[in-house]
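So the structure is just underneath, and the comments pick up after that.
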Amino acid sequence: MENGTYKYDLEMSTPLGKRRGNLELILWKDFLNGYLTMFTRTFPIREGKLDGSKVAFSGEMKTLMNMLPYKAQGSASSSGITLTIETNQGRYSVTGVLTEVRRD
């Protein structure tokens, strides 16, 4: 993937059903940062890394009950993204469709 900002519409499978959100990845060389919106709240991602099509990052999501630290890894392409998000409450599969690309 080239340097730029990539926005994805996400769907995460949880025990309580599908949850929808967004991911904005800002790529610069091998580094990435951005924002994850899930459970109607937006939080920055941390420790982002890019290696070819493989992405990895961490952060925290706020659920209805508490803050939920997570680590995500997966692959991104020009059409979509697939992630596995690991938390202390379980592992979740996330898929996403690319909706916007900006070359800054």
Practice task
Return the pairs, sorted by first residue and then second, in which the second residue is part of a loop (DSSP other than H, G, I, E, B) and modelled with pLDDT under 90, the first residue lies in the range 92-104 and is surrounded by 11 or more Cβ atoms within 10 Å (Cβ to Cβ), the beta carbons are less than 9 Å apart, and the residues are 6+ apart or on different chains.
Solution key: VAL97/SER79; LEU98/SER77; LEU98/SER78; LEU98/SER79; VAL101/GLU2; VAL101/SER78
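Take the residues in the range 1-11 that are among the acidic types (Asp, Glu) and in a strand (DSSP E or B); name whichever of them is surrounded by the fewest Cβ atoms within 10 Å (Cβ to Cβ). I'd like the intermediate steps shown before the answer.
Residues of the range 1-11 among the acidic types (Asp, Glu): 2, 9, 11.
Narrowing the set further to residues that are in a strand (DSSP E or B) leaves 9, 11.
Values: ASP9: 16, GLU11: 13.
My answer is GLU11.
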Fill in the blank from the handout: LEU64: passes all of (1) among the hydrophobic types (A, V, I, L, M, F, W, C); (2) out of contact with any strand residue (DSSP E or B) (no Cβ under 7 Å at 6 or more places or on another chain); (3) part of a strand (DSSP E or B) but (3)
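Restricted to the range 17-29, and to residues that are farther than 20 Å from GLU100 by Cα and touching a strand residue (DSSP E or B) at 6+ places or on another chain (Cβ under 7 Å), which residue is surrounded by the fewest Cβ atoms within 10 Å (Cβ to Cβ)? Write out each step before concluding.
Quick first cut of the range 17-29, residues farther than 20 Å from GLU100 by Cα only: 17-19.
Of the ones still in play, those that are also touching a strand residue (DSSP E or B) at 6+ places or on another chain (Cβ under 7 Å) are 18-19.
On the way: LYS18: 8, ARG19: 17.
The qualifying residue surrounded by the fewest Cβ atoms within 10 Å (Cβ to Cβ) is LYS18.
Looking at THR87, THR14 in this structure, which one is surrounded by fewer than 18 Cβ atoms within 10 Å (Cβ to Cβ) and free of Cβ contacts under 8 Å to residues at least 60 places away in the same chain? Outline the logic, then answer.
On the way: THR14 fails: free of Cβ contacts under 8 Å to residues at least 60 places away in the same chain.
Of THR87, THR14, the one residue that is surrounded by fewer than 18 Cβ atoms within 10 Å (Cβ to Cβ) and free of Cβ contacts under 8 Å to residues at least 60 places away in the same chain is THR87.
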Handout entry: Within the range 30-45, tally of residues that are hydrophobic (A, V, I, L, M, F, W, C) and exposed (fewer than 15 other Cβ atoms within 10 Å of the Cβ)
Key = 1
Handout entry: Residue that is surrounded by the fewest Cβ atoms within 10 Å (Cβ to Cβ) [pool: residues in the range 46-70 that are touching an Asp or Glu at 6+ places or on another chain (Cβ under 9 Å) and within 19 Å of SER93 (Cβ to Cβ)]
Key = PRO69
Exercise for the section: Could you grab me the full set of residues in the range 87-97 that are part of a strand (DSSP E or B) and either touching a His at 6+ places or on another chain (Cβ under 7 Å) or closer than 18 Å to GLN73 by Cβ (or both)? Expected result: THR87, GLY90, ARG91, TYR92, SER93, VAL94, THR95, GLY96
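Before we move on, is SER75 part of a strand (DSSP E or B) and touching a Lys or Arg at 6+ places or on another chain (Cβ under 6 Å)? Before you say what the answer is, go through the steps one by one.
Numbers: part of a strand (DSSP E or B): yes; touching a Lys or Arg at 6+ places or on another chain (Cβ under 6 Å): yes.
So SER75 fits the description; yes.
Looking at the range 34-56, which of the residues that are among the polar types (S, T, N, Q) and over 19 Å from SER77 (Cβ atoms) is modelled with the lowest pLDDT? Steps first, answer last, please.
We begin by selecting, within the range 34-56, every residue among the polar types (S, T, N, Q); these are 37, 40, 42, 53.
Pick out the ones that are also over 19 Å from SER77 (Cβ atoms) and you get 37, 40, 42.
Values: THR37: 94, THR40: 85, THR42: 94.
The selected residue is THR40.
Could you check the range 27-41 and list, in sequence order, the residues that are part of a strand (DSSP E or B) and either touching a residue at least 40 places away in the same chain (Cβ under 8 Å) or not β-branched (Val, Ile, Thr) (or both)? Before the answer, list the steps.
The first filter runs over the range 27-41 and keeps only residues part of a strand (DSSP E or B), leaving 27-28, 31-38, 41.
Within the range 27-41, LEU27, TRP28, PHE31, LEU32, ASN33, GLY34, TYR35, LEU36, MET38, ARG41 qualify.
The values are calculated or read from the model by the stated rules, or taken from the named source; none is laboratory data. Keep in mind it's a predicted model, so treat the numbers as computed, not measured. Ideal geometry is used to build each Cβ from the backbone, glycine not excepted, and the neighbour counts take in all protein chains shown.
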